[in-house]
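Enquirer: Supplied in structure tokens, the structure appears directly below.
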């Protein structure tokens with residue numbers, strides 16, 4: 001009996017490593033190694049034809065300079081669209097998350113379910129639906145024309161606002177839910193205490209709710225900003241050639257033009273800017289735990 | 001849905017609900033707040049209404065973008081376009097195969113992280129989050145360069161391989177979230193009563209973690225079915241359901257796309273309902 005117990009304990013020393021090994025090996029090969037491939041490609045120079053591109057590794061840092069100089073507009077546009085989308089998501093999501101956390105009572109589960117429900121429809125099909133809604137002959141455009149908010153030849157589709165609107169719609173759920181989680185954790189007695197101490201409602205909001213919801217603001221902002229800055233579907237479906245983002249360029253360079261080094265360099269630039277942004281943002285908000 | 005956000009969805013759904021009513025400050029402010037929240041909720045549903053409505057549309061041209069007239073034809077012939085049906089079948093296949101493999105790998109990691117203390121578990125934790133922080137377009141691009149480097153022909157296999165890569169982290173994190181807070185002394189009790197470790201695993205541990213595994217599997221399946229960006233990079237000429245939809249936007253959008261999207265929505269709703277009822281029953285029992 002004692003012998004069995006000891007051998008069991010000895011086995012359990014290597015057991016966890018055996019359990020994590022397959023997954024880590026898989027992610028090593030298909031997540032870490034691909035980034036080396038990407039880096040190597042970004043430093044190669046391309047030759048050959050479009051049909052048979054050949055790559056030679058040559059420490060060609062020029063690809064990075066080219067990425068910046070050729071696609072500066074798209075880089076700036078991606079991050080400004082993503083930034084605006086993140087801010088609007090925050091403004092729209094806060095009231096809803098607040099009501100779910102504090103005012104929904106027994107309807108809390110129902111409303112949470114409703115928030116998640118639209119995301120069971122394929123992302124692309126939801127974006128196509130926005131194409132219908134914002135169409136030139138759609139009722140939204142006619143309504144805006146009628147009340148004079150949009151000039152008679154004005155359009156919604158193919159504008160920056162349509163693209164930003166699509167980004168907002170597609171990622172707002174990832175702002176609502178983390179915000180809700182952090183608001184849900186707030187002890188309602190804190191609010192009552194601040195009220196008993198004669199704080200006004202706006203002051204309670206600023207001094208109690210806002211600081212305590214910061215983890216949600218942080219998580220939500222990153223969950224919106226990261227995918228939005230790399231997206232190319234919204235710009236493709238709802239925008240025009242004037243609204244292309246980095247994602248569109250990466251996609252086109254890789255799959256249509258087949259200029260692999262330029263596309264790889266641009267992907268790594270996108271990744272690096274996001275990492276720096278996330279780092280600065282977490283520093284500024286003063287919290288270390290990301291997820 | 002994108003893989004980055006899914007842990008947030010899990011956390012929100014799993015968060016313990018404390019019933020609380022907070023008295024509003026001024027009445028008007030409270031009413032205004034509720035109205036804004038209601039409008040935001042409504043906004044989330046606008047495209048969904050449009051998708052369902054246009055599944056009954058009788059489009060005049062190739063594109064199902066403007067309302068022409070009501071018809072039940074599309075619902076009577078949901079599988080009218082073989083290419084669409086084939087693409088959907090392929091996506092279901094990819095989702096099932098990749099989820100099955102990722103489920104084994106991800107669950108093993110989750111169990112090791114929750115149940116075992118070992119050196120480096122913190123590092124493993126951090127490492128698992130990484131795939132969820134890379135934008136999908138970068139992950140797709142990175143995988144494409146890997147397959148190019150090794151001369152792997154893009155197609156079914158590369159799609160499955162890529163899907164497993166983004167599913168593992170997500171499954172590990174979901175299962176782990178579900179396993180926290182369980183009463184693990186039950187395992188010791190089982191061993192003290194003379195059950196072998198193997199027997200304990202099958203009779204005690206597994207039944208405890210199965211609901212978490214099922215939830216992770218369903219979400220991973222949905223994630224795979226919906227993935228467009230990563231698949232787009234590694235698919236070659238193979239066409240999955242989202243890829244078919246994307247090609248349709250450029251050429252012709254049949255209303256059957258809306259019919260199948262609505263059907264998938266209804267099926268997910270039913271599964272969700274059944275799952276909730278099942279959980280409630282278990283809690284009551």
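Enquirer: How much of the calculated P(r) for chain A lies past 24 Å, in percent of all Cα pairs?
Expert: 66
Enquirer: Report the gain in length on full extension from residue A:280 to residue A:145: 0.36 nm times residue separation, minus Cα-Cα distance, nm rounded to one decimal.
Expert: Answer, rounded to one decimal: 44.3 nm.
Enquirer: According to the square roots a ≥ b ≥ c of the eigenvalues of the Cα gyration tensor, what is the shape class of segment A:78-183, taking rounded for a/c under 1.5, prolate for a/b larger than b/c otherwise, and oblate for the remainder?
Expert: It is prolate, given that a/c is not under 1.5 and a/b is the larger ratio.
Enquirer: Still on this structure, I have one more. Please compute the modelled spin-label separation between residue A:84 and residue B:31, points set 7 Å along Cα→Cβ, answer in nm with one decimal.
Expert: That separation, rounded to one decimal, is 3.4 nm.
Enquirer: Tell me, B:193, A:266, B:146 in order of fewest to most beta-carbon neighbours within 10 Å?
Expert: Placing the least packed residue first, the sequence is B:193, B:146, A:266.
Enquirer: By counting other Cβ atoms within 10 Å of each Cβ, how are B:179, B:218, A:222 ranked from fewest to most?
Expert: Going from least to most buried by this count: B:218, B:179, A:222.
Enquirer: Would you kindly state how much longer the chain becomes between residue B:247 and residue B:196 on full extension, computed as 0.36 nm times their sequence separation minus their alpha carbon distance, in nm to one decimal?
Expert: Additional length available on full extension: 12.8 nm.
Enquirer: Would you mind estimating how fast the protein assembly as shown diffuses translationally, via Stokes-Einstein at 25 °C and 0.890 mPa s with the Kirkwood radius over Cα pairs, in µm²/s?
Expert: In µm²/s, the coefficient is 96.
Enquirer: Provide Rg and Dmax in Å for segment B:28-97, with only Cα atoms included in the calculation.
Expert: Rg then Dmax for segment B:28-97, in Å: 18.5, 56.
Enquirer: For a footprinting-style exposure proxy, rank B:167, B:136, A:184 by other Cβ within 10 Å, fewest first.
Expert: Lowest to highest Cβ neighbour count: A:184, B:136, B:167.
Enquirer: With each run of n ≥ 4 DSSP H residues scored as -39500 (n - 2.57), what mean residue ellipticity at 222 nm is computed for chain B after dividing by its residue count and rounding to the nearest 500 deg cm²/dmol?
Expert: Helices in chain B give a 222 nm mean residue ellipticity of -23000 deg cm²/dmol.
Enquirer: Still on this structure, I have one more. Relative to the longest principal Cα axis of chain B, at what angle does helix B:27-54 sit, 0 to 90 degrees, rounded to 10?
Expert: Taking Cα atoms only, the helix is inclined about 60 degrees.
Enquirer: What nm value, rounded to one decimal, do you get for the distance between residue A:110 and residue B:157 when each label is placed 7 Å out toward the C-beta?
Expert: So the label points at residue A:110 and residue B:157 sit 5.3 nm apart.
Enquirer: In whole angstrom, how far apart do the alpha carbon centroids of segment B:40-61 and segment B:112-168 sit?
Expert: Result: 35 Å between the Cα centres.
Enquirer: Need one number: nm distance between label points at residue B:122 and residue A:32, each 7 Å from Cα along Cα→Cβ, rounded to one decimal.
Expert: Calculated label separation equals 1.9 nm.
Enquirer: Evaluate Rg over Rh across segment B:81-253, taking Cα atoms for both radii and Kirkwood's formula for Rh.
Expert: With Rh from the inverse mean 1/r over Cα pairs, Rg/Rh is 1.08.
Read the figures in this text as sums done on the coordinates, not as results from a lab. If you're wondering where the values come from, they're calculated on a predicted model, not measured in any experiment. All Cβ positions, even for glycine, are placed from backbone atoms using ideal geometry, and neighbour counts span all protein chains on display.
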